Amino acid sequence: MLPVVQEDPARPDLRSLSLSELAALVERLGERPYRARQLQGWLHRKGVASLEAMTDLPAAFRQRLSAETRLSTLAIDAVQESSDATRKYRMRTQDGKLIESVYMPDQAGPESFDPEADEEEPGARVRRTLCVSTQVGCAMGCGFCMTATMGLLRNLTAGEICDQVYRVNEDLRRLGVRGERPLTNLVYMGMGEPLHNYDQVMRSLELLLSEDGANFSHRHITVSTSGLVPNIVRFGEETQVKLAVSLNATTDEQRSKLMPVDKKWNIAALLDAVRKFPSRQGRRVTFEYVLLRDVNDSDEDAERLASLLRGLPVKVNLIAYNENPGLGFGDPGAERVSAFRKALTARGITAMVRKNRGRDIAAACGQLAVEGGGSRH
């Protein structure tokens, strides 16, 4: 195992710097301006793991970068592969924290992991989606989520969020998936609450969307939130990527037991923020609804959900609960999930059922990191 590295906050992390910040660094170091774009290409288009890999940069420049900056690169600590080709990665940060990323290959379509899959172009395009983490642990305390048992250890930097993409791309190329960037879609739905780490999440999006970097399309990135109301409209105004909101209940009494965030921003406040969310180029907010057996999966729940969402330009992504050991919640089963969807569509609500992935491995959010102890020191 690689040694734990204590990060020096006085030295900036290259992978977290914007192009303009790289340009300022290059100027300060006395290099020609074009070196900034070269650096960004190595960091975010090629996603290299070390300064030594930046072979067209002068050795003296790389030495100065090594002395005055740092390059936070994640290490793949463990991998589990499911029978459905889902791959779950446990990654270790340089200060020894453990996080997760989940890779899901799929055909584009309404049962894809991507909440907007049914709005994409038709055809048999293969979708290779990565679910990324934004925090080590989480402060939201959702009762059905294994990550919540860790508490919040720290935020991830923009560079660490991006590097999950680059380390998985590297692994997929090793496995024979072609292309400089095998991944096609990203969902910010892993460990942590993205809008609780707002600034670093927004910076990571800027880096991943850059034409000089990873060059993802905003149509192929979705960020999920448990309902941090003040940042929802702000997020919609500052980026064109898509938003998914975890609702998971139809009354505040029910939701506050499952999701403590409801005690601060209740369902009415959440729906009001969604009404104000800027809709660009047909972008719709997706409501995620995790179905928990005998908790929120009744016909009455479906009727209340349809009533809450009636008239909003949204759709519902139904998710059968992927059971976590020891948390006390169960999978409602395919028949109940299908009945719930039919009850919504009969009331005019667009709803789909997300295909459940990785059920034969520790694919529930946070499970693999918790099994690894959360961090290593």
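The values are calculated or read from the model by the stated rules, or taken from the named source; none is laboratory data. Being a predicted model, the structure only gives us computed values, none of them experimental. Here the Cβ positions follow ideal geometry from the backbone for every residue, glycine too, while neighbour counts run over all protein chains shown. Note: areas computed on protein heavy atoms with side chains; ligands, DNA, RNA excluded. Shrake-Rupley method; radii C 1.70, N 1.55, O 1.52, S 1.80 Å.
Condition check: out of contact with any Lys or Arg (no Cβ under 7 Å at 6 or more places or on another chain), more than 19 Å from residue 229 (Cβ to Cβ) and surrounded by 20 or more Cβ atoms within 10 Å (Cβ to Cβ). Does residue 261 satisfy that? Spelling it out, it is not the case that residue 261 is out of contact with any Lys or Arg (no Cβ under 7 Å at 6 or more places or on another chain), more than 19 Å from residue 229 (Cβ to Cβ) and surrounded by 20 or more Cβ atoms within 10 Å (Cβ to Cβ). If the condition is being closer than 17 Å to residue 305 by Cβ and outside any loop (DSSP other than H, G, I, E, B), then the range 239-256 contributes 244, 245, 246, 252, 253, 254, 255, 256. Looking only at residues in the range 268-286 that are assigned to a loop (DSSP other than H, G, I, E, B) and among the small types (Gly, Ala, Ser), the one that is modelled with the highest pLDDT is 279. Residues that are within 23 Å of the chain's Cα centre (by Cα) and among the basic types (Lys, Arg) were ranked within the range 277-303; the one that is nearest to residue 334 (Cα to Cα) is 284. Residues of the range 38-67 that are out of contact with any Leu (no Cβ under 7 Å at 6 or more places or on another chain), touching a residue at least 24 places away in the same chain (Cβ under 8 Å) and open to solvent by 60 Å² or more (accessible area, probe 1.4 Å): 45, 46. Taken together, 335, 300 contain a single residue that is at pLDDT 90 or above, farther than 26 Å from residue 267 by Cα and open to solvent by 60 Å² or more (accessible area, probe 1.4 Å), which is 335. Residue 234 fulfils the conditions (1) assigned to a helix (DSSP H, G or I); (2) crowded, with 17+ Cβ neighbours inside 10 Å except for a single criterion, (2).
What tally of residues in the range 127-185 results from selecting those that are of a type outside the set (Val, Ile, Thr), assigned to a helix (DSSP H, G or I) and in contact (Cβ under 8 Å) with a residue 12 or more places away in the chain? The qualifying residues number 15. Residues that are polar (S, T, N, Q) and in a strand (DSSP E or B) were ranked within the range 219-231; the one that is nearest to residue 141 (Cα to Cα) is 225. Determine whether the range 306-319 contains at least one residue that is among the small types (Gly, Ala, Ser), out of contact with any strand residue (DSSP E or B) (no Cβ under 6 Å at 6 or more places or on another chain) and modelled with pLDDT under 95. Among the residues of the range 306-319, at least one is among the small types (Gly, Ala, Ser), out of contact with any strand residue (DSSP E or B) (no Cβ under 6 Å at 6 or more places or on another chain) and modelled with pLDDT under 95, which makes the answer yes.
Please specify each residue of the range 186-197 satisfying the condition of being assigned to a loop (DSSP other than H, G, I, E, B) and open to solvent by less than 10 Å² (accessible area, probe 1.4 Å). The answer is 191, 193.
Residues in the range 198-218 that are assigned to a helix (DSSP H, G or I) and open to solvent by 10 Å² or more (accessible area, probe 1.4 Å): 198, 199, 200, 202, 203, 206, 209, 218.
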